[in-house]
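Read through the structure below, which is laid out as structure tokens, and then see the notes.
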Amino acid sequence: MENMAEAAVKELRSTVSSGKTKSYEWRISQLKAILKIVTHHENEIIEALRSDLNKPEHEAFIHEIFSVASSCKLALKELRRWMKPQKVKTGMLTFPSSGEIVPEPLGVVLVISTWNYPFLIAVDPVIGAIAAGNAVVLKPSEVAPATSALLSKLLGEYLDTSAVKVIEGAVRETTELLAQKWDKIMYTGNGRVARIVLAAAAKHLTPVILELGGKCPAVVDANINLKVTARRIISGKWGCNNGQTCISPDYILTTKEYAPKVVDALAAELEKFYGKDPLGSNDLSRIVNIHHFDRLEKLMDDEKVSGKIVHGGQRDKTNLKIAPTILLDVEEDSLIMNEEIFGPLLPIVTVNKIEDSFGAINAKGKPLAAYLFTNDKTLKEEFVRSVSAGAIAINETALHFMEVGLPFGGVGESGMGSYHGKFSFDAFSHKKAVLRRGFGGEVSARYPPYAPWKLQL
Ligand code: NAD
């Protein structure tokens, strides 16, 4: 018997064959429908995010609702231009000719999403896929069940279900989906499952975008505005889902002598933001579930780091809350330094010279983002030149995500492919090369019989 995944792909293929999803009008109608979802159902989205993560309303609005609305508005404004074939200047070898690059939809694509920004990370790629003229199946994360159910309901109500479908579920459903032939798969999540996705895609020669994580470092030099630095680190760490964010600073690198000052500044600003009892603060998300709570407890209780907590450390298992926690002088071989933290713990690793931190970063898997705080021009240039990462931000954390002029994606261990803004349209398009000629411009040198004079430049 045909399963849900097979039936969905069959229907979507038939819709794509009809040519419907290719038209500018269809794409615009679907993008407008997504914009309607975010404007008419803001409160339901906020409630679902509260239920899944106790996400503060402010973060839910800025990071998920506003970001999706912005992506949609940009695509609505720019779509005509993005779809336009791009003229290319041709050279002597094809003279006389004209060339153009024609963006064409890939066909039927699969988006597998994760739980930490369960609305944004599900809908943002769908916007790109629709803008590029594809039919799409979205598989939201079962780890954020309220948002998953809401996505299924709202996309089902507002979008053309002959071309856009939400299939909820966990490993079994995703495995069934991955067994189908897709024209592109975009997966956001961890590296272990990414390998399963890549292996399934290989069977059908399906291209993939993998949006993964890693350990994002923040290098803190002494030549800085320390208060602003502390606030921006807090904003990208605890102000982003309590550290459950792929681009949150995972650890700090600073010099031995400067580290205590960094700790004091972070502690002072944390208290201003979240009060003396951060477990009671309404401005911090909770840990998503008991599995992740236990995982984070294990990192904190590892005997190599348990004496190194210099700020925070409070936890409340019943309510799945962990306070912003700073650990100082953490050793490289501790558990916390060998897996992505993805939570409210922030270890500080000390180096003798700030320049030593660049080599330390490059010795690990390539991170999704790397941050540097400094006023030193040479250090900034050296950081951009020598550190390999999906993205680099100088004197900032995580904010590059909001800049749609920049591609968002990883490199090496942190993933492959990128999206956001026009990059999302490109991610789900094939760039078809078209060369046009008339019947003039014949050159006998290209045809047999070949002769030595024909090889002269
Ligand atoms: P998750 O548990 O929600 O899993 C992601 C998706 O994979 C889900 O839809 C899930 O159903 C599916 N899945 C899980 N196991 C599977 C299996 N065995 N076979 C097929 N599908 C399976 O999310 P997660 O992996 O815990 O996500 C956290 C990770 O995602 C972190 O590493 C984080 O850095 C990364 N992340 C990356 C980005 C980015 O944009 N680069 C954004 C957010 C999160």
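May I ask you to verify whether Thr147 is within 15 Å of the ligand (Cβ to nearest atom), more than 23 Å from Ser285 (Cβ to Cβ), polar (S, T, N, Q) and assigned to a helix (DSSP H, G or I)?
no
How many of the residues making up segment 198-228 are within 9 Å of the ligand (Cβ to nearest atom) and surrounded by fewer than 22 Cβ atoms within 10 Å (Cβ to Cβ)?
1
Name the one entry in Ala393, Ala370 that is closer than 17 Å to Asn223 by Cα, in contact with a Phe, Trp or Tyr (Cβ under 9 Å, 6 or more places away or on another chain), hydrophobic (A, V, I, L, M, F, W, C) and within 16 Å of the ligand (Cβ to nearest atom).
Result: Ala393 is the single residue among Ala393, Ala370 that is closer than 17 Å to Asn223 by Cα, in contact with a Phe, Trp or Tyr (Cβ under 9 Å, 6 or more places away or on another chain), hydrophobic (A, V, I, L, M, F, W, C) and within 16 Å of the ligand (Cβ to nearest atom).
Could you list all residues from segment 99-118 that are within 9 Å of the ligand (Cβ to nearest atom) and in a loop (DSSP other than H, G, I, E, B)?
Across segment 99-118, the qualifying residues are Ser113, Thr114, Trp115, Asn116, Tyr117, Pro118.
Quick one: Thr175 ticks every box in (1) near the ligand (Cβ under 10 Å from one of its atoms); (2) closer than 26 Å to His41 by Cβ bar one, so which box is it?
(2)
For residues in segment 138-149 being aliphatic (A, V, I, L, M) and crowded, with 24+ Cβ neighbours inside 10 Å, which is nearest to Ser70 (Cα to Cα)?
The selected residue is Leu138.
Looking only at segment 130-144, how many residues end up being part of a helix (DSSP H, G or I) and within 12 Å of the ligand (Cβ to nearest atom)?
Summing the residues that are part of a helix (DSSP H, G or I) and within 12 Å of the ligand (Cβ to nearest atom) in segment 130-144 gives 0.
State whether the residues of segment 231-254 include one that is of a type in the set (Lys, Arg), within 21 Å of Leu120 (Cα to Cα) and surrounded by 17 or more Cβ atoms within 10 Å (Cβ to Cβ).
Yes, because at least one residue in segment 231-254 is of a type in the set (Lys, Arg), within 21 Å of Leu120 (Cα to Cα) and surrounded by 17 or more Cβ atoms within 10 Å (Cβ to Cβ).
Looking at Ile37 and the list (1) surrounded by fewer than 18 Cβ atoms within 10 Å (Cβ to Cβ); (2) of a type in the set (A, V, I, L, M, F, W, C); (3) at pLDDT 95 or above, which single condition is not satisfied?
Going through (1) surrounded by fewer than 18 Cβ atoms within 10 Å (Cβ to Cβ); (2) of a type in the set (A, V, I, L, M, F, W, C); (3) at pLDDT 95 or above one by one, Ile37 breaks only (1).
Can you tell me which of (1) within 24 Å of Gln244 (Cβ to Cβ); (2) away from the ligand (no atom under 16 Å from the Cβ); (3) among the small types (Gly, Ala, Ser) is the one Ala445 doesn't meet?
Every condition holds for Ala445 apart from (1).
Results for (1) modelled with pLDDT under 95; (2) within 24 Å of the chain's Cα centre (by Cα); (3) surrounded by fewer than 16 Cβ atoms within 10 Å (Cβ to Cβ), shown as yes or no for each residue.
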| residue | (1), (2), (3) |
| --- | --- |
| Gly19 | no, no, yes |
| Lys32 | no, yes, yes |
| Asn54 | no, yes, no |
| Met92 | yes, no, yes |
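How about segment 150-164: which of its residues are away from the ligand (no atom under 15 Å from the Cβ), crowded, with 19+ Cβ neighbours inside 10 Å and under 24 Å from Ala427 (Cα atoms)? Show your work before the answer.
Step one: list which residues in segment 150-164 are away from the ligand (no atom under 15 Å from the Cβ), which gives 150, 153-164.
Within this subset, residues satisfying the condition of being crowded, with 19+ Cβ neighbours inside 10 Å are 150, 154-155, 159, 163-164.
Of everything in segment 150-164, those that are away from the ligand (no atom under 15 Å from the Cβ), crowded, with 19+ Cβ neighbours inside 10 Å and under 24 Å from Ala427 (Cα atoms) turn out to be Leu155, Leu159, Ala163, Val164.
Can you tell me which residue within segment 286-305, out of those that are more than 25 Å from Lys276 (Cα to Cα) and modelled with pLDDT under 95, is nearest to the ligand (Cβ to nearest atom)?
Asp302
Answer yes if at least one residue in segment 79-89 is more than 16 Å from the ligand (Cβ to nearest atom), under 19 Å from Val38 (Cα atoms) and either touching an Asp or Glu at 6+ places or on another chain (Cβ under 7 Å) or touching a residue at least 24 places away in the same chain (Cβ under 8 Å) (or both), and no otherwise.
no
Confirm whether Ala170 is in contact with a helix residue (DSSP H, G or I) (Cβ under 8 Å, 6 or more places away or on another chain) and either within 9 Å of the ligand (Cβ to nearest atom) or hydrophobic (A, V, I, L, M, F, W, C) (or both).
The answer is no for Ala170.
When segment 1-57 is examined, which residues are found to be more than 26 Å from Phe119 (Cβ to Cβ), in contact (Cβ under 8 Å) with a residue 60 or more places away in the chain and among the acidic types (Asp, Glu)?
Glu6
Mind telling me which of the residues Lys165, Lys153, Lys181 ends up being part of a strand (DSSP E or B) and among the basic types (Lys, Arg)?
Lys165
Filter segment 347-362 down to residues that are crowded, with 19+ Cβ neighbours inside 10 Å and assigned to a helix (DSSP H, G or I), then give me how many there are.
Number of matching residues: 3.
Can you pull out every residue in segment 384-395 that is assigned to a loop (DSSP other than H, G, I, E, B) and buried (at least 19 other Cβ atoms within 10 Å of the Cβ)?
Val387, Ala389, Gly390
So, in segment 375-409, exactly how many residues are β-branched (Val, Ile, Thr), touching a strand residue (DSSP E or B) at 6+ places or on another chain (Cβ under 9 Å) and touching a residue at least 40 places away in the same chain (Cβ under 8 Å)?
1
All but one of (1) touching a Leu at 6+ places or on another chain (Cβ under 7 Å); (2) of a type outside the set (A, V, I, L, M, F, W, C); (3) within 16 Å of the ligand (Cβ to nearest atom) hold for Lys308; which doesn't?
Going through the list (1) touching a Leu at 6+ places or on another chain (Cβ under 7 Å); (2) of a type outside the set (A, V, I, L, M, F, W, C); (3) within 16 Å of the ligand (Cβ to nearest atom), Lys308 breaks only (3).
The values are calculated or read from the model by the stated rules, or taken from the named source; none is laboratory data. Because the structure is a prediction, the values reported are computed rather than measured. Cβ: placed from backbone, ideal geometry, glycine included. Neighbour counts: every protein chain shown.
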